[in-house]
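Asks: Handing you this structure, nothing more for now.
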Amino acid sequence: MDLPDEEYLAERREQMVRFQIEDRGVTDPLVLSAMRKVPRHKFVPAHLLENAYNDYPLPIGFGQTISQPYIVGYMTEQLRLSGGEKVLEIGTGSGYQTAVLAEIAGAVYTIDIICELVDAAARRLEELDYKNVFLKCADGHQGWPQHAPFDGIIVTAAPGAVPKPLKDQLKPGARMLVPVGELSQELILVKKRPDGRVEEEPILPVRFVPMRSEREKRP
Ligand code: SAH
């Protein structure tokens, strides 16, 4: 079978944005245009290319997944970015969510505990010419204190509770999205008020891979 050409993939991407993202209520023009632009098919394993624009997560190796497109759109919109911000992402994975954020934010700091995934994502993002992305291989529970505070934090693996260092690294007035729980998970919207108080609100039932601790680094 011939490989799908770029024109066909661009058409599939447009349909993904219209029917999976816009039709389900994501309206932020920055998010929609970022998702129209980022070539999701470059973030999935070659044998899954045909499925890159479908309405579900896909395996990316090491027991991990690239999130469903709608979840990426929904979480990015919930960050309420207006452009130029400094954002922290925990769970780089394929780097797809990273690229969507990099289209909008001024700088994206992203951490994954699996170094092979960080290397592969770094290569992909470099090929696509993203110059505002900074990656590291580490346990995301600690955040990235050297670059804190952040204007937004997005976590794409599920911890048992919102990690305290991440709350500390959120700027007053900023928002964090984090899936919390084990068998049943809720996406939690964390808001740091201007006076520094932190509010947590569950906004959507979700299913993410668990966030690992340093001692269970290997599957
Ligand atoms: N945002 C990704 C999806 C990531 S899947 C994408 O768009 O492709 C979740 C990722 O979280 C996996 O890559 C996994 O290795 C990573 N992860 C799990 N526990 C972690 C931890 N403690 N610190 C950092 N990353 C972690």
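Asks: Residues in segment 126-136: is at least one near the ligand (Cβ under 10 Å from one of its atoms) and out of contact with any Gly (no Cβ under 6 Å at 6 or more places or on another chain)?
Replies: yes
Asks: Quick test of your reading of the structure: L166 fulfils all but one of (1) within 16 Å of the chain's Cα centre (by Cα); (2) under 23 Å from A34 (Cα atoms). Name the failing condition by number.
Replies: Evaluating L166 over (1) within 16 Å of the chain's Cα centre (by Cα); (2) under 23 Å from A34 (Cα atoms) leaves (2) as the failure.
Asks: Can you find a residue in segment 192-201 that is farther than 18 Å from Q78 by Cβ and small (G, A, S)?
Replies: yes
Asks: Kindly indicate whether any position in segment 140-149 is crowded, with 16+ Cβ neighbours inside 10 Å and within 12 Å of the chain's Cα centre (by Cα).
Replies: Checked segment 140-149: no residue is crowded, with 16+ Cβ neighbours inside 10 Å and within 12 Å of the chain's Cα centre (by Cα).
Asks: Could you go through segment 79-99 and let me know if any residue there is more than 9 Å from the ligand (Cβ to nearest atom), part of a strand (DSSP E or B) and without any contact (Cβ under 8 Å) to a residue 40 or more places away in the chain.
Replies: No, the conditions are met nowhere in segment 79-99.
Asks: Another question, then. Filter segment 100-120 down to the residues that are hydrophobic (A, V, I, L, M, F, W, C) and more than 11 Å from the ligand (Cβ to nearest atom), then identify the one that is nearest to I153 (Cα to Cα).
Replies: Here the answer is V108.
Conditions tested, residue by residue: (1) buried (at least 18 other Cβ atoms within 10 Å of the Cβ); (2) closer than 24 Å to D129 by Cβ; (3) at pLDDT 95 or above.
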position: E7; (1), (2), (3): no, yes, no
position: E14; (1), (2), (3): no, yes, yes
position: V17; (1), (2), (3): yes, yes, yes
position: E22; (1), (2), (3): no, no, yes
position: V26; (1), (2), (3): yes, no, yes
position: S33; (1), (2), (3): no, yes, yes
position: S67; (1), (2), (3): yes, yes, yes
position: I71; (1), (2), (3): yes, no, yes
position: E77; (1), (2), (3): yes, no, yes
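Asks: In this structure, does G73 turn out to be within 12 Å of the ligand (Cβ to nearest atom) and in contact with a strand residue (DSSP E or B) (Cβ under 7 Å, 6 or more places away or on another chain)?
Replies: no
Asks: Quick one: R123 ticks every box in (1) charged (D, E, K, R); (2) touching a residue at least 12 places away in the same chain (Cβ under 8 Å); (3) away from the ligand (no atom under 11 Å from the Cβ) bar one, so which box is it?
Replies: The one condition R123 does not meet is (2).
Asks: Can you pull out the residues in segment 46-55 that are within 13 Å of the ligand (Cβ to nearest atom) and within 22 Å of E103 (Cα to Cα)?
Replies: The answer is A52, and nothing else.
Asks: Residues of segment 103-153 being under 25 Å from K191 (Cβ atoms), acidic (D, E) and outside any helix (DSSP H, G or I), which ones?
Replies: D139, D151
Asks: Quick check, is I188 of a type in the set (V, I, T), more than 13 Å from the ligand (Cβ to nearest atom) and within 15 Å of the chain's Cα centre (by Cα)?
Replies: Yes: the conditions hold for I188.
Asks: Within segment 44-61, how many residues turn out to be modelled with pLDDT of 95 or more and in contact with a helix residue (DSSP H, G or I) (Cβ under 6 Å, 6 or more places away or on another chain)?
Replies: So the count comes out to 4.
The values are calculated or read from the model by the stated rules, or taken from the named source; none is laboratory data. Just so it is clear, the model here is predicted, and its values are computed rather than measured. We place every Cβ from the backbone using ideal geometry, glycine too, and count neighbours over all the protein chains shown.
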